[in-house]
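For reference, the structure is listed below as structure tokens.
The values are calculated or read from the model by the stated rules, or taken from the named source; none is laboratory data. The shown structure was predicted, so the numbers you read here are calculated from the model rather than taken from an experiment. We place every Cβ from the backbone using ideal geometry, glycine too, and count neighbours over all the protein chains shown.
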Amino acid sequence: MPRGRTEAEAHAEVERERFSPPLPGCEHRSHQWAPGQQQPKARLRAPFLVPDRPRTPDSRSLGTTELMASSTPSSSATSSNAGVDPNTTNLRPTTYDTWCGVAHGCTRKLGLKICGFLQRTNSLEEKSRLVSAFKERQSSKNLLSCENSDKDGRFRRTETDFSNLFARDLLPAKNGEEQTVQFLLEVVDILLNYVRKTFDRSTKVLDFHHPHQLLEGMEGFNLELSDHPESLEQILVDCRDTLKYGVRTGHPRFFNQLSTGLDIIGLAGEWLTSTANTNMFTYEIAPVFVLMEQITLKKMREIVGWSSKDGDGIFSPGGAISNMYSIMAARFKYFPEVKTKGMAAVPKLVLFTSEHSHYSIKKAGAALGFGTDNVILIKCNERGKIIPADLETKILEAKQKGYIPLYVNATAGTTVYGAFDPIQEIADICEKYNLWLHVDAAWGGGLLMSQKHRHKLSGIERANSVTWNPHKMMGVLLQCSAILVKEKGILQGCNQMCAGYLFQPDKQYDVSYDTGDKAIQCGRHVDIFKFWLMWKAKGTVGFENQINKCLELAEYLYAKIKNREEFEMVFDGEPEHTNVCFWYIPQSLRGVPDSPERREKLHRVAPKIKALMMESGTTMVGYQPQGDKANFFRMVISNPAATQSDIDFLIEEIERLGQDL
């Protein structure tokens, strides 16, 4: 005890710290007290609490839990359960060892004081032993604290004149560390300011400018490239303005695309991915990322419903490429000679997909040599689902014409209507005629994470391949798309070229982890880390809650507008996905009977409202025609930051902008 202080004064200081607000880094778990239950006067706070972890009153675990300091002596307990807190985390420490556990769970300053009081009657040797044990545990308890302390000394912001600094002054330049630190701290400020404003609903979704305005240059911001280096001051301005004039796709009122949101864990993963700056073709240069990818793909295949022992997959640059992989795999499975001899060596092959499917199937048909005429479109019902009878009819027609049916694409979550094709019935037809079944679940695959909604993809386990884009419903930052294949080895056989400078067979590790030869590209971006990190942070349950919330918001929007005269639904019934398709009916068209003239006027409404919406920058939602239908709004919700108030705002904004049309 310091000289000049009495024991009572020291005790009072401990009491003040014990009852003070939690220190930075400490968490505080609230507790609801039942009627008649005695409430302790104070709570000792311990840092780094983990929710939902089983607790025991054992002294070894009390140091890392919240502990209750009751004013009632423990001896006052009776055999009655009345007034007894059943939560073991709230038991008052009653022994010397238990209080030592409390000290170990507290901050260094408070912990040492508690130890001091506990040791008043101990020998000098015992005091020394206990204090040493406490200090040792404190020093090893949180290595990040040491790293952060060291960081505070090295990464302190200083006044820096960037107008006279250039890229050549940054690392690896000699003595470039300080300039590098200051420059990156400025960049981080720009990033954090952007993130903060993205979640601020008073911030615009976009600051719209026409292409010619940006090309001509804004004040301090010019897109033209120069022959001579520009200062770091200008580079920082460019960093800021590039974000300023872009679209805030993470804004809670951005509903324009299927990929929205700004997940903070995913953002951290993407920052670190860029810092690592490696490639995914071999375990040799991306050992951790390669293993992360394999573990995550295995988990995704299990969720689809396939055996964990079999199957394959790879992350690709988007759903369109994943769909292309599926067609390549199907062609190689049935006609492996195509790899060496080309399309001239195989019969006339045809592919089948719905008229509402993604255009990437036709694009793949063109790129892979099938030709778009040999991608046969199947009719859909009024909700945008494949009609199985029409599929079988067209398969038979193709066979009669001498074509070989190869592949059927079923869509789980169409782009416009959000429809789910009847996979079970389509799978029956594919098995009957020995066709490869692919399910494009780029948009709808996330529903597999939800026990409430996964039934909409019933039969997906019967597919030969699946496209699944976590960067859509699961909110992973772009890009993150997986092609999953039920049979192992097809991707390797289809794409393997055995480049000797990358895929040597005599490496010192298991070369089966060199996954690059499965890909159609050589260099492959690391898309896995942000996804893996988000899964670790949220858990499967977290993704499920996120997806359920988005679907609940879609139900809320549908219920809000379905019976209002200002709106008309594009199809009857509740939407299956978060796609809600509707027309806004201006006052001039309400009550007007359907006619070509009315449809022509209605066709111009959505584009006009969208233009006003973008100029005001308040929100964004997509529109398009479908078949012979006039332009309508297609509302999609995939941003977990969106709330019912944002849905209300969208409706009110459409009405405000369209009231005079």
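Things to note:
- Taking region 572-597 as the range and being surrounded by fewer than 15 Cβ atoms within 10 Å (Cβ to Cβ) and part of a helix (DSSP H, G or I) as the test, the residues that pass are Gln587, Ser588, Pro596, Glu597.
- Filter result (in a helix (DSSP H, G or I) and closer than 25 Å to Met473 by Cβ) within region 502-537: Ile528, Phe529, Lys530, Phe531, Trp532, Leu533, Met534, Trp535, Lys536, Ala537
- A residue that is of a type in the set (S, T, N, Q) and over 17 Å from Asp440 (Cα atoms) can be found somewhere in region 472-493.
- Test result for Lys452, outside the structural domain of Met635 (by TED's automatic domain parsing), within 21 Å of Ile429 (Cβ to Cβ), under 26 Å from the mean Cα position of the chain (by Cα) and basic (Lys, Arg): no
- Taken over region 611-639, the criterion of being out of contact with any helix residue (DSSP H, G or I) (no Cβ under 9 Å at 6 or more places or on another chain) and closer than 22 Å to Tyr556 by Cβ is satisfied by Arg634 alone.
- Every listed requirement among (1) assigned to a helix (DSSP H, G or I); (2) over 20 Å from Asp373 (Cβ atoms) is met by Lys399 save one, (2).
Residues are listed down the side, and each one gets a yes or a no for (1) more than 14 Å from Asp527 (Cα to Cα); (2) free of Cβ contacts under 8 Å to residues at least 12 places away in the same chain:
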{"position": "Thr273", "(1), (2)": "no, no"}
{"position": "Ala286", "(1), (2)": "no, no"}
{"position": "Ala320", "(1), (2)": "yes, no"}
{"position": "Glu337", "(1), (2)": "yes, yes"}
{"position": "Val350", "(1), (2)": "yes, no"}
{"position": "Glu355", "(1), (2)": "yes, no"}
{"position": "Ala367", "(1), (2)": "yes, no"}
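- Of Gln294, Gln257, all but one fail to be under 30 Å from Glu461 (Cα atoms), under 20 Å from the mean Cα position of the chain (by Cα) and surrounded by fewer than 17 Cβ atoms within 10 Å (Cβ to Cβ); the exception is Gln257.
- Verdict on Arg462 being without any contact (Cβ under 8 Å) to a residue 24 or more places away in the chain and either in the same structural domain as Tyr283 (by TED's automatic domain parsing) or out of contact with any His (no Cβ under 7 Å at 6 or more places or on another chain) (or both): no
Condition check ((1) in contact (Cβ under 8 Å) with a residue 24 or more places away in the chain; (2) in contact with a Leu (Cβ under 8 Å, 6 or more places away or on another chain); (3) exposed (fewer than 11 other Cβ atoms within 10 Å of the Cβ); (4) more than 16 Å from Asp238 (Cα to Cα)) across all residues:
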| position | (1), (2), (3), (4) |
| --- | --- |
| Thr158 | yes, no, yes, yes |
| Ala173 | no, no, no, yes |
| Phe183 | yes, yes, no, no |
| Glu186 | yes, yes, no, no |
| Tyr194 | yes, yes, no, no |
| Phe199 | yes, yes, no, yes |
| His209 | yes, no, no, yes |
